[in-house]
Amino acid sequence: MSLMASHNPSAIPGARFMDPVVLARIGNLSLVSRAVVDGFINGLHKAPYFGASVDFAEHRGYVPGDDIRRVDWRVWARTDRYYVKEYEAESNMNFSVLLDISKSMDYGSIGMTKLDYARMLTACLTNLVHHQRDRVGFVAFDEDIVEHVPPSAKHMETVLHVLDRLKPGRPGRLREPLHKLAEHFGRRGVLVVISDFYADPETVVDAVTPLRFRGNDLVVFHVLDPAEIEFGFTNASAFEDLESGEQLPVVPEAMRKEYRSLVRAHIDALQQRFSEVRVDYTLLDTSKPLDHALFRYLSSREKKLRLR
Amino acid sequence: MSFLAPLFFAALAALAIPVLIHLIQREKKQVVRFPSLMFVQRVPYKSVRRRRIHNWLLLCVRLTALALIVLAFARPFLRRDTLNTAVGAGAREVVVLLDDSYSLAYGDHWERARAAASNAINGLGPDDRGSLVLFGSGAEIALRSAASGDRPRLAAAVAAARPGASATRYAPALKVAGSILAESSLPRREVVLISDFQRGGWRGEEGARLPEGTTVTPVAIAGGADAPNVAVTGVSLARSTFSNQERVAVTAVAVNRGTRALRGGQLSLEIGGRPIQSKPLDVEVNGSVSVVFDPVTVAGAFMRGSVRASDDALAVDNAFHFVVSPAQPVRVIVVDRGATGGGALYLTRALAIGEAPRFETVVRQPDAVAEDDLRRASVVLLNDVAVPAALARRLQRFVEGGGGLLVALGPRASWSPDVDVLPAAIEAPVDRTRGDAARLGTLEFGHPGFEPFRAPRSGDFAAARIYGYRAVKPAADAQVLARFDGGAPALVERRVGAGKVLLWASSLDLSWSDFPLKPVYLPFVHRAARHLASYSEPAPWLTVGQVLDASAGAARSQPASGVVLTPSGRRVSMDEEGAEVIELAEQGFYELRNRSGDAVTAVVASNVDTAESDLTPMDPKEIVAAATAGPGGGREAGGSGQPVTPETQERSQRLWWYVLCLGILLLGADTVISNRLSKS
């Protein structure tokens, strides 16, 4: 397949990943998500559909009030005691992607913007989750909530459609829209937040954490362009802030080192703070294939499930 | 260091161009849109800005090259004194200016001045050269640029100097000193100015400028005697005639410029060297007294008189000399047609009135003019006569010999065309009896004959009505002094030989005009006669410093030659060509004698300039500042400099060339450096 790229990240041996830039050229999110997810699944040796409701979890002693249909009669026959079988109740989980579409996301130095990347990521995740027959939903926000697709088993196409016509416009804020959303998600589910997190780590964590309050599982993707991480500019130029429009004369060579260390410290702080509040945090470089992100998501899910 | 074209430094603003290119231009050219400046802003801004310049070496080389090129265009040059300071002390050229005006004879001033001069000479080093300049109203180089071996000659020149009779003038002395210093090749130049610094001797700068870097050391000789200082500043002579003898009354003015009043002094009048009258003299400090002596009979020509005050601190100005001679009349011959016409009446009457000078008139008919008459006369007036050719030729010789001829034309006037003396050719009469009479239109007021009428209301020539005149055609070398209102020449003058000829185109009697009846007639005739006779009032005295030419005292200008006997008895022979003049340097009587030396042709009294007896001093710094062109140009003490020749001037300004070369070399280095940088 010509679309297949030659990336071969050592983290996932055997997986075949597609260059996000190539994917971006496809344009059709549905196709993209399918291509990625199918390729990804094919590459995995483990079955992807874990969490099915038939999975046995554990036995526990019968207490009055338990449904007698759940009594394990085989165990009763062996032990003459009543035990009730418990299963993983993962079916029909709510899954929502919260996507930051602020102006700063509209930046890309390698042919695709962070928003494009996030869009594909969303499509892929939605597709993946839809395959599991979970309910998918979608929220786009900048300084307020811009788009909202409630989670539903039938909303896969809607989500892809909404994703397709997203336009970045306004400066972004995390706190207000996410706090609003935290109140909205009543039912437990999985929430994926995708943003570039241009705010203090404290502010970010403070904005994101309430999403967990109702028992939601929270996965955070921090999307950054390689230029934002490496700061590989060479010419002295006026740098213009995409959101505020403010300009600043910058000699990149002179300040690269300091910039990098600041970004590194920011990422480290986010990582640490999120791990403190038990939120999955993943830094995504838009030059890296999407599969990497999917793998991180799934592996984290798996970890979560094992923990239960 | 100074700059010939400092305005070029405005181009230093160009230095900002490379910096601006580095700092501003490149930023504006490229705008990078970036998601967030959150981290960029945290990097300290100043360090960003400062480090924006990539290569300090390159920038410095560029800026230095530009600055050097601008500096070269500003034409830097080293001032001479700066150069000399760098050279350090060297041999000196010292000019000692010693004031020998007569005011130095006051009290002990002369001894002190001489001691100061000796000090200056003794202070000369082995490599120094010294000059001695004695100055009064003029300056005389006693010894020029004497080396150390000539030191005794310098001392001898100082010892031999005596105060003269002249007044003080600083400017000529400074000019002489300037010329000596300018020719000197020694590195340090000094002027020692020894004088009593009288205020009267300095009349501003007068162009006396010493070479740049000259040190002027003024030595003021002042104070000392506390005594009256009486000066006889002038006499006035009032002539009168008493029983056919001419007498003169002398009035003398004495001034006391000393610090103490004079009491019980004497003022005496001497004639021919013998005191004949004496008057008591009391003068207050800064006061003046005029003393009138009794009239004295003028015995003969060149009577020498002196007014002398009794001795005081400054003796030179106590005497005042003058020469009185009997008044000499101007002899005029009026040539007229005779008793029948009577036209000369107005002329003779007008000439009889004059006193200064007195005119002695004789009337002759054209055929009766004797040779003796012409020899004695100074002026001949031809009043409307037909001049025979013989008389015309004699008159031509008379004029060429220095005589004056006035020709008044009337209906009868004629002149022999062979004799070219008249300033204009005489043509036909013009009749203006009908209609308006002719009047005098334009006058040449610059001419001595019309000079007194120049001022407004000082004579109305236009009032005279001219009913007839002769048309004349002026000669090429003649000057038209007056014209009639129609533009025809009225008065024409021509110089022939040593004499002058005036031609009046109308008559000077009533036959053709009423001019003789007008008030301007008399002064016009007098001025014309004086002018033609070249009459000038003989001055009773001259002042030291003025020049005496050999024609002084002669009634008619004659070829000057002879011998001059100075008051000190020195004989000076004068050149035959009359080109030589003698400057009066002594006080007393100068006698002019003929070549054989046995007859006195003139006596001239010479007096000192009495302004010099005013000893009021001035601040020597004023002279120093003016001579050295202000505080920047020279110094009162310290170093000195070489004479500034055009070559040295050019050499001191050639600095720009090297600066420009260095700038261009740096530009080359800049190219090399930037090439290497771009390669790396």
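Values as computed for the structure displayed
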| item | result |
| --- | --- |
| Conditions (1) of a type outside the set (A, V, I, L, M); (2) closer than 20 Å to B:Arg199 by Cα; (3) crowded, with 17+ Cβ neighbours inside 10 Å; (4) not assigned by TED's automatic domain parsing to the domain that holds B:Arg189; number of the one not met by B:Gly234 | (2) |
| Residue within segment A:112-124 that is within 14 Å of chain B (Cβ to nearest Cβ) and hydroxyl-bearing (Ser, Thr, Tyr) present | yes |
| Number of the exception - A:Gly215 against (1) within 14 Å of another protein chain (Cβ to nearest Cβ); (2) modelled with pLDDT under 85 | (1) |
| Any strands (runs of 3 or more DSSP E) falling wholly within segment B:328-384 and containing at least 1 residues that are farther than 20 Å from B:Lys500 by Cβ | B:359-364 |
| Test: residue in segment A:104-115 that is more than 30 Å from A:Phe239 (Cα to Cα) and free of Cβ contacts under 8 Å to residues at least 60 places away in the same chain | no |
| Residues that are among the acidic types (Asp, Glu) and more than 9 Å from chain B (Cβ to nearest Cβ), drawn from segment A:226-268 | A:Glu230, A:Asp268 |
| Residue ID - farthest from the chain's Cα centre (by Cα), chosen from residues in segment B:431-473 that are surrounded by fewer than 18 Cβ atoms within 10 Å (Cβ to Cβ), outside any loop (DSSP other than H, G, I, E, B) and among the aliphatic types (A, V, I, L, M) | B:Ala471 |
| Scope segment B:322-367; condition within 46 Å of the chain's Cα centre (by Cα) and among the acidic types (Asp, Glu); matching residues | B:Glu355, B:Glu360 |
| Some residue of segment B:137-159 being at pLDDT 85 or above and within 15 Å of B:Leu186 (Cα to Cα) | no |
| Single condition B:Gly410 does not satisfy, out of (1) touching an Asp or Glu at 6+ places or on another chain (Cβ under 7 Å); (2) of a type outside the set (A, V, I, L, M, F, W, C); (3) surrounded by 14 or more Cβ atoms within 10 Å (Cβ to Cβ); (4) outside any loop (DSSP other than H, G, I, E, B) | (4) |
| Sole exception among (1) more than 30 Å from B:Glu537 (Cα to Cα); (2) charged (D, E, K, R); (3) crowded, with 20+ Cβ neighbours inside 10 Å for B:Arg169, by number | (1) |
| Subset tally (residues that are at pLDDT 80 or above and of a type in the set (Val, Ile, Thr)) for segment B:26-52 | 3 |
| In segment B:251-267, the residues that are surrounded by fewer than 19 Cβ atoms within 10 Å (Cβ to Cβ), over 26 Å from B:Gly223 (Cβ atoms) and under 35 Å from the mean Cα position of the chain (by Cα) | B:Thr251, B:Val253 |
| Meets criteria (within 11 Å of another protein chain (Cβ to nearest Cβ) and part of a helix (DSSP H, G or I)) for A:Ala293 | no |
| Conditions (1) in contact with a Ser or Thr (Cβ under 6 Å, 6 or more places away or on another chain); (2) not in a loop (DSSP other than H, G, I, E, B): number failed by B:Gly402 | (2) |
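Yes/no matrix, rows are residues, columns are (1) farther than 30 Å from A:Thr126 by Cα; (2) surrounded by 10 or more Cβ atoms within 10 Å (Cβ to Cβ); (3) at pLDDT 85 or above:
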{"site": "A:Trp76", "(1), (2), (3)": "yes, yes, yes"}
{"site": "A:Ala89", "(1), (2), (3)": "no, yes, no"}
{"site": "A:Asn92", "(1), (2), (3)": "no, yes, no"}
{"site": "A:Leu98", "(1), (2), (3)": "no, yes, yes"}
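The values are calculated or read from the model by the stated rules, or taken from the named source; none is laboratory data. Not measured: the values here are computed from a predicted model. Positions of Cβ are generated from backbone atoms using ideal geometry, with glycine treated the same way; all protein chains shown enter the neighbour counts.
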